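Scroll down for the structure; my scribbles are underneath it.
The values are calculated or read from the model by the stated rules, or taken from the named source; none is laboratory data. Being a predicted model, the structure only gives us computed values, none of them experimental. Glycine also receives a Cβ, built like all others from the backbone with ideal geometry; neighbour counts cover every protein chain displayed. Surface accessibility is based on the protein's heavy atoms, side chains included, excluding ligands, DNA and RNA. Shrake-Rupley method; radii C 1.70, N 1.55, O 1.52, S 1.80 Å.
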Amino acid sequence: MFPTPDLSHFTRNDYNEIYEPDADSFLLLDALELKLNKILEQKPFIILEFGCGSGLATTFIAKHFCPTSCLFFAIDMNPYACYSTRRTFHQNNVHNKHCLNIIQCNLGDPLIDRLSSKIDLILFNPPYVPTETSDVKEVIERTYAGGKQGIEVIEKAIEQASRLLSSKGLFYMVALEENNFDTLKELGNQVGLNIEIVLKRRTCIERLFVVEFQRN
Amino acid sequence: MLTSNILKGVKKGFPLKINAVKIENVSVDYNPDFITRILQRIEYDALRGAVIDLGLNESLPETISETIQQDETFLKTMHKILLEYEIEEGELICPETGRKFPISKGIPNMLLQETEIS
């Protein structure tokens, strides 16, 4: 088991502004670790995280999955999450080895043209909770509100991933049982991506799983 | 500097013009293999244009030949430009629409309003 990146630089006040890593965040790390050999075989060079939040997943990858220098893109709509991701990257001493580009934006909008078919690894712990709408204003609400069936943001992310992934690129995403695996499979199929379940876990309040998408 | 070479503006807007208010020099470990790989993925003309616009005291050749891509001095210059010049405060300007995207504490804000997306 790889150690979880050091997050001791954050205080309660920080977690009023960004999502505090929880069972879903750790499930993503565990799923990545299960796929360690497959990811290492791809020799990822360009790595992207949608909704980077605390920067936990990006830093975890930088620390344990990248023997040589890699190019990271971490994006979040919340400026506080952007700064927090940089702090976590520095706190864990991976900033001298790797190049981290942080951008405040909505999913991959400003990156798609230039990074089309170039990204080797994409990570996403999306807002997956079914809510009336995903168009919410509150910063913390945005970290979970997934709209109808919890898949409004997920649907866009899958479509963007299909354009961003390199030929053997991998996309790992957390999902909730209510998001429905068959729906995710169908969304992937529509844009030429195969899907596979990597890991499932039941927490006290949610049934979660992590999926892997890859070009078919 | 690297980030600005990847982003686009409102529609096709590339390259974004950089207006720098505060540039910081950071120190990053030099790794020639990394720079060589990055070179395949950047738009060299756009980068060179940005270096000239910003008035950075770095000289870059007009084009990059096969031989220069193995030249140590050139790779070190590219390393410095791409990774060690950080635009802390300023803005990126979309060449088509003139829309300005602020850079604050080194992070560009590329968020568009609903009305800007067609």
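If you check B:76, B:80 for being touching an Asp or Glu at 6+ places or on another chain (Cβ under 8 Å), in a helix (DSSP H, G or I) and either open to solvent by 60 Å² or more (accessible area, probe 1.4 Å) or within 11 Å of another protein chain (Cβ to nearest Cβ) (or both), only one passes: B:80.
Residue A:61 meets the stated requirement of being modelled with pLDDT of 95 or more and either in a helix (DSSP H, G or I) or away from chain B (no Cβ under 12 Å) (or both). Of all residues in the stretch B:25-65, those being at negative phi and either open to solvent by 90 Å² or more (accessible area, probe 1.4 Å) or assigned to a loop (DSSP other than H, G, I, E, B) (or both) number 26. For the stretch A:92-114, the set of residues classified as within 7 Å of another protein chain (Cβ to nearest Cβ), of a type in the set (A, V, I, L, M, F, W, C) and closer than 20 Å to residue A:166 by Cα consists of A:99, A:111, listed by residue number. Each residue in the stretch A:115-147 was checked for being at positive phi and within 13 Å of chain B (Cβ to nearest Cβ), and 1 of them qualify.
Taking the criterion of being free of Cβ contacts under 8 Å to residues at least 24 places away in the same chain, part of a loop (DSSP other than H, G, I, E, B) and either of a type in the set (Ser, Thr, Tyr) or more than 11 Å from chain A (Cβ to nearest Cβ) (or both), the only residue of the stretch B:88-118 that qualifies is B:98. Residue selection: residue B:22 fails the criterion of being open to solvent by 60 Å² or more (accessible area, probe 1.4 Å), touching a residue at least 12 places away in the same chain (Cβ under 8 Å), within 13 Å of chain A (Cβ to nearest Cβ) and outside any helix (DSSP H, G or I).
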